[in-house]
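To keep things clear, I will list the structure first and then write my remarks on it.
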Amino acid sequence: MLSIEEMLPRDIAALSRNPGIVLVPVSPMIEWHSWHLPAGTDGLIAEGAARAAAERIGCAWCRCLSMGLDEWRSPQFKITMGLPADAEVFGMRFPGLPLVSEYVESEEFQKLVSARLYAMRRTGFCRAYVINHHGGVGQAPMLEKICSDMSGKGFTARLLLTYSLAKMDRKGWEGDCLRTGGHAGMSETIALMAFRPELVDLDEQADGELSVAATGILHKSPTVPAEFNPRLAPAGLAHAWRKAVVAGIAAEINRDRGFPESEAV
């Protein structure tokens, strides 16, 4: 299904009337995600989820708005990651890594996301769902506020978080994989494999235990255990995660539309 950016005006107008729903992914597209994942991992996941859900529901979707908030890392955080306590680290701008991650100020973030939602509202859409995958500090609260401020007068904006939508009750090692790794680790590798598997190169990651400081994979200790090395990310689990996220987005939208479970798309 084409994005709004690729559509002719007549087709956008038709979707703005029926079903009147647009999905708006917002996440950074230039951010370090270790050696095996592309810079746009967060945005690509958000965009992939929006596209897949739009195809399922039959609504409009936009390309990802590349926006990310984060914070200066505390001394304790840096020590936990195996970094010098006095290193200057903002977000994923770890010392020694070859890519400088792109973030924005809160004011700029608010203006640009609001502008996207304003354009959708003036185009005639009655509902917009902001799809976010970035877990940087301040991102979700800011998006919640923007959605609240933009809602009213026949238009509703809501925030949906990819990592909160996948209701997967897996046990054992697979369940641990979904909950382990954080940024660029096992869980996020699975998430990108769910939508853009061709962009993941597991051979770029070394075998065995991994250094957090050297790889930029967030973990609860300076070393990622070998069993949670992203090289072991299972493709089957990625497929299941994709289904769960898309179903979660569809369920939220259909609930807002007042569709009973038996009629959900």
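Computed from the coordinates by the stated procedures, all read-outs in this text should not be read as laboratory data. All figures in this text were calculated on a predicted structure; none of them were measured in a lab. Neighbour counts run over all protein chains shown; Cβ positions are idealised from the backbone, glycine included.
Among Met29, Met1, Met92, rank each residue by its count of other Cβ atoms within 10 Å, from fewest to most, as a rough exposure measure.
Working: Met29 20, Met1 15, Met92 24.
Ordered from fewest to most neighbouring Cβ atoms within 10 Å, Met29, Met1, Met92 come out as Met1, Met29, Met92.
So which of Lys111/Lys145; Lys78/Lys111; Lys78/Lys220 end up more than 20 Å apart by C-alpha?
The pairs that break the limit, which is 20 Å between Cα atoms, are Lys78/Lys111.
What lysines could a cross-link reach from Lys167, if we take a straight Cα to Cα line under 19 Å and drop same-chain neighbours fewer than 8 places away?
Filter leaves Lys243.
Counting other C-beta atoms within 10 Å, and keeping those with at most 15, which DSSP coil GluC sites (Glu not before Pro) do you find in region 191-264? Mind dumping the intermediate values first?
Working: sites: Glu198, Glu204, Glu209, Glu227, Glu252, Glu261, Glu263; in loops: Glu209.
Hits after loop and neighbour filter: Glu209.
Give me Rg/Rg_expected for region 81-176, where Rg uses Cα atoms only and Rg_expected = 2.2 N^0.38 Å with N residues.
Normalised by 2.2 N^0.38 Å, the Cα Rg of region 81-176 equals 1.43.
Just to confirm my numbers, what's the Cα centroid distance between region 140-192 and region 17-56 in Å?
Cα centroid to Cα centroid, the span is 11 Å.
Residues in region 64-97 near a label at Lys145, defined as backbone nitrogen under 16 Å from the 7 Å Cα→Cβ point?
Inside the label zone: 68-71.
With an 8 Å cut-off on Cα pairs and a minimum separation of 6 or more residues, tell me the relative contact order of the chain in percent.
22
Can you give the extra length, in nm with one decimal, that the chain gains between Glu88 and Ala214 once fully stretched, where that is 0.36 nm per residue apart less the Cα-Cα distance?
Roughly 43.8 nm would be gained on extension.
Count charges around Val137 for me, please; just the other residues with Cβ under 15 Å from its Cβ, Lys/Arg as +1, Asp/Glu as -1.
Net of charged neighbours comes to -2.
As a footprinting exposure proxy, order Thr223, Thr215 by other Cβ within 10 Å, with the fewest listed first.
Exposure proxy ranking, most exposed first: Thr223, Thr215.
What is the local net charge at Ile45, summed over the other residues whose Cβ is closer than 15 Å to its Cβ (Lys, Arg +1; Asp, Glu -1)?
Every neighbour counted, the sum reads 0.
Considering Cα pairs under 8 angstrom that are at least six residues apart, work out the relative contact order of region 115-265 and quote it in whole percent.
21
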